[in-house]
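Novice: Quick one: structure below, then a few questions.
Here, each number is a calculation from the coordinates, and none is a lab measurement. All values reported here derive from a predicted model rather than from experimental measurement. All Cβ positions, even for glycine, are placed from backbone atoms using ideal geometry, and neighbour counts span all protein chains on display.
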Ligand SMILES: NC(=O)c1ccc[n+]([C@@H]2O[C@H](COP(=O)([O-])OP(=O)(O)OC[C@H]3O[C@@H](n4cnc5c(N)ncnc54)[C@H](OP(=O)(O)O)[C@@H]3O)[C@@H](O)[C@H]2O)c1
């Protein structure tokens, strides 16, 4: 599959790109600095290229939104036509920028490209764990996934599973509100109990 990553030069973007490329996907890192994205891509595994945000949106059959939450809408709006009908994987964490527990970040962001197929994922996946989906105790880490579009969600869950994580279907956007508020608590607990940004929520069931 062809995967574009908006914010592909970042910690999450690069980590996801490595994982996707390792299982045979073609990845394009999109950036406000296309030359820098191309340079970073050339240092990653084969199958990764880089350029502008618009090129990433055009390239991807599936597009990951990996910019800061506060820049998500302004990043997506100019790409609305390119994203029409495509799966957009929103990994952005709002950290209280929308009413916590009442509105999910994805419910806010999806207004910027309503004709895309929005899926929330990786919200509770620390960037440092992206190269270590098996976890420290050989138990696959969980990636929680929410969408109103069951087919799009299934595609994203298959992609997540292929990269070694366990994908958990968490239903629709109403449950993404809960994922959003799990993130600050995960960061607080990690700081108190581990302090290495390698923590993860795990559903035992
Ligand atoms: N860090 C984590 O462990 C983690 C875990 C789960 C989810 N997330 C979420 O994933 C997203 C990315 O996090 P990250 O840690 O990868 O951040 P990061 O390392 O700071 O990378 C963010 C990328 O977004 C781009 N960017 C920055 N400001 C922008 C703007 N004003 N407009 C458009 N693009 C901009 C930058 O790319 P260019 O400068 O090349 O354009 C940058 O490479 C965030 O929404 C975060 O909440 C992070």
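Novice: Just check the stretch 91-203 against the gyration tensor rule for me: Cα atoms, a ≥ b ≥ c as the square roots of the eigenvalues, rounded for a/c under 1.5, and otherwise prolate or oblate depending on whether a/b exceeds b/c.
Specialist: Values: a/c = 2.32, a/b = 1.26, b/c = 1.84.
Oblate is the answer for the stretch 91-203, as a/c is 1.5 or above yet b/c matches or exceeds a/b.
Novice: Residue 178 to residue 111: extension gain in nm, 0.36 nm per residue of separation minus the Cα-Cα distance?
Specialist: Values: separation 67, 0.36 × 67 = 24.12 nm, distance 1.95 nm.
Stretched out fully, the residue 178 to residue 111 stretch lengthens by 22.2 nm.
Novice: For the chain, set up a GNM with springs between Cα atoms under 10 Å and report which of 79, 189, 130 has the largest fluctuation.
Specialist: Fluctuation is largest for 189.
Novice: Turning to a different aspect of this structure: How high is the FRET efficiency from residue 150 to residue 204, r the C-beta distance, R0 30 Å, rounded to 0.05?
Specialist: Values: r = 25 Å, r/R0 = 0.83.
Plugging the Cβ-Cβ distance into 1/(1 + (r/R0)^6) gives 0.75.
Novice: Using only alpha carbon positions, build the gyration tensor of the chain, then give the equivalent ellipsoid semi-axes as the square roots of 5 times its eigenvalues, largest first, whole angstrom.
Specialist: Working: eigenvalues 112, 83, 51 Å².
Semi-axis lengths for the chain are 24, 20, 16 Å.
Novice: Here's something else I'd like to know. Could you line up 122, 20 from fewest to most neighbouring Cβ atoms inside 10 Å?
Specialist: 20, 122
Novice: For each of 180, 190, 150, count neighbouring Cβ atoms within 10 Å of the residue's Cβ, then give the residues from fewest to most.
Specialist: Numbers: 180 28, 190 16, 150 10.
Result, fewest neighbours first: 150, 190, 180.
Novice: Looking at the square roots a ≥ b ≥ c of the eigenvalues of the Cα gyration tensor of the stretch 1-92, which shape do they give, rounded for a/c under 1.5, prolate if a/b is larger than b/c, or oblate? Don't skip to the end; give the middle numbers.
Specialist: On the way: a/c = 1.58, a/b = 1.34, b/c = 1.17.
The shape class here is prolate.
Novice: Continuing with the same structure: I need 200, 74, 52, 33 ordered by Cβ neighbour count within 10 Å, fewest first.
Specialist: Values: 200 20, 74 10, 52 17, 33 13.
Placing the least packed residue first, the sequence is 74, 33, 52, 200.
Novice: Okay, moving on. If a/c stays under 1.5 just call it rounded; otherwise compare a/b with b/c (prolate if a/b is bigger, oblate if not). Do that for the stretch 97-150, with a ≥ b ≥ c from the square roots of the Cα gyration tensor eigenvalues. Can you show the working numbers first?
Specialist: Working: a/c = 2.81, a/b = 2.05, b/c = 1.37.
Note, shape of the stretch 97-150 comes out prolate.
Novice: Let me have the 222 nm mean residue ellipticity of the chain computed from DSSP H runs of 4+ only, each contributing -39500 (n - 2.57), with the sum over all residues rounded to the nearest 500. Let's see the in-between values first.
Specialist: Numbers: 8 runs with 77 residues, N = 205.
Value at 222 nm, helices only: -11000 deg cm²/dmol.
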